[in-house]
Structures are given as structure tokens and as C-alpha cells.
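The values are calculated or read from the model by the stated rules, or taken from the named source; none is laboratory data. Quick caveat: nothing in here was measured; it's all calculated off a predicted structure. Counting neighbours? That spans all protein chains shown, and the Cβs are built from the backbone with ideal geometry, glycine included. Ligands, DNA and RNA are excluded from the accessible area calculation, which covers all protein heavy atoms including side chains. Shrake-Rupley method; radii C 1.70, N 1.55, O 1.52, S 1.80 Å.
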Amino acid sequence: MGYDMGVKRVLFSSEEIHDRVRRAGEMISREYQGKPLLLIGILNGSFMFMADLCREITIPFEVAFMKAKSYSGTQSAGSVEISLDVAQDLSRYHVILVEDIIDTGRTLKALSERLSERGALSLKVITLLDKPERRLVDFNADISLFTIPDLFVVGYGLDLDERYRGLPYVAEYGGA
């Protein structure tokens, strides 16, 4: 039984992902040159994307992490619970939220609103994957590296019960 058992098909190879992440890093480096920049990764899924993005940004920046959820099991809790928050005074930074996937949009919309209220100089959201068919609230990322249909995906930080995060690609999960 291989680690990738259950993978139906690869959607984005590690090379395709690296190319898009590199281009995003170049764009961020140009746009925020000379500005105080804080990247906030949303745990747990964004950690691989965040690490690779950080390696592609060529200007000074700081890093922080948040952990939030709006679901309990498979049901929406209707509110967002933050279990890890950033300590920085956001009024000193241009903030980029780094997310692995935007699905319903509830969590990121709530986090964006909360961080904006804390006075960030600017706030943008970058996501590896965007799944607009599943959106339940009016929310869009400023930068989406890939748009996907309503599929369950794993790899490159995305998981199924904490499995498959380490795959170097993004794949559709098809069951074991």
C-alpha cells in the first residue's frame, strides 16, 4: 500500500506548483518593495505553500501563523474560532494572508474582516487553490494560483484526516 494510494489523478504537478509560486513571489517582491510586509499563514494546510512562497520572495518580510476553524466535524459552526492568533501590531504592516484552499469562503472572510479591524496598512489574500463553486459567502482571494472544480483534493499540505499532506503535488482524492 503506497502513500499515494487513493489518489485518483494528479491535478497540478510539483513543477507546475513551483512555477506559479515562483511567479507569485516575484510579484509580491515587486509590489511590496520598501514596505513592511507580514505574511500570515493559515494552519495547518498552508504550511508547504507558505514555506515555498517565502523562499521565492526577495525582499524583507516577517512571518506569523493563525489557526482557525468554522467547522465542527462536517457541519459549519456558523462562527469562526481562532485557536492561534498573531501577536504583531498589524497597524505597522502590509499583510498577506496565505491559505491553501478557499472553499465556502466563511473562514477567510471572517479572518480578513478581523484583521482589517486591527488596522493593517493593507490586506491581501493569496491562495494556492480556489474552489468558487462551493462559495457560500461573497469572498474572493486577491491572488489565486489555481482554480479547481468541486473536487476533494489532497497533497502539497492538503490532507484527508492528516494523511497525504506530504505529497509533492495536488491530486484529486478518489478513495482507498
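Results, tabulated for the structure shown:
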read-out	value
Ala68 being over 22 Å from Ser116 (Cβ atoms), among the hydrophobic types (A, V, I, L, M, F, W, C) and open to solvent by 10 Å² or more (accessible area, probe 1.4 Å)	no
Within the range 1-52, tally of residues that are open to solvent by 70 Å² or more (accessible area, probe 1.4 Å) and outside any helix (DSSP H, G or I)	10
Residue in the range 159-176 that is nearest to Arg9 (Cα to Cα), counting only those that are of a type outside the set (D, E, K, R), open to solvent by less than 40 Å² (accessible area, probe 1.4 Å) and in a strand (DSSP E or B)	Ala171
Residue, least open to solvent (accessible area, probe 1.4 Å), within the range 105-136, restricted to residues that are closer than 19 Å to Pro149 by Cα and over 14 Å from the mean Cα position of the chain (by Cα)	Arg135
Complete set of residues in the range 91-140 that are among the hydroxyl-bearing types (Ser, Thr, Tyr) and under 27 Å from Pro168 (Cα atoms)	Thr104, Thr107, Thr127
Residues within the range 71-98 that are assigned to a strand (DSSP E or B), modelled with pLDDT of 95 or more and open to solvent by 20 Å² or more (accessible area, probe 1.4 Å), tallied	1
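A quick yes/no check of all residues on (1) farther than 13 Å from Gly45 by Cα; (2) of a type in the set (Lys, Arg); (3) without any contact (Cβ under 8 Å) to a residue 24 or more places away in the chain:
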site	(1), (2), (3)
Leu128	no, no, no
Arg134	yes, yes, no
Pro149	yes, no, yes
Val153	no, no, no
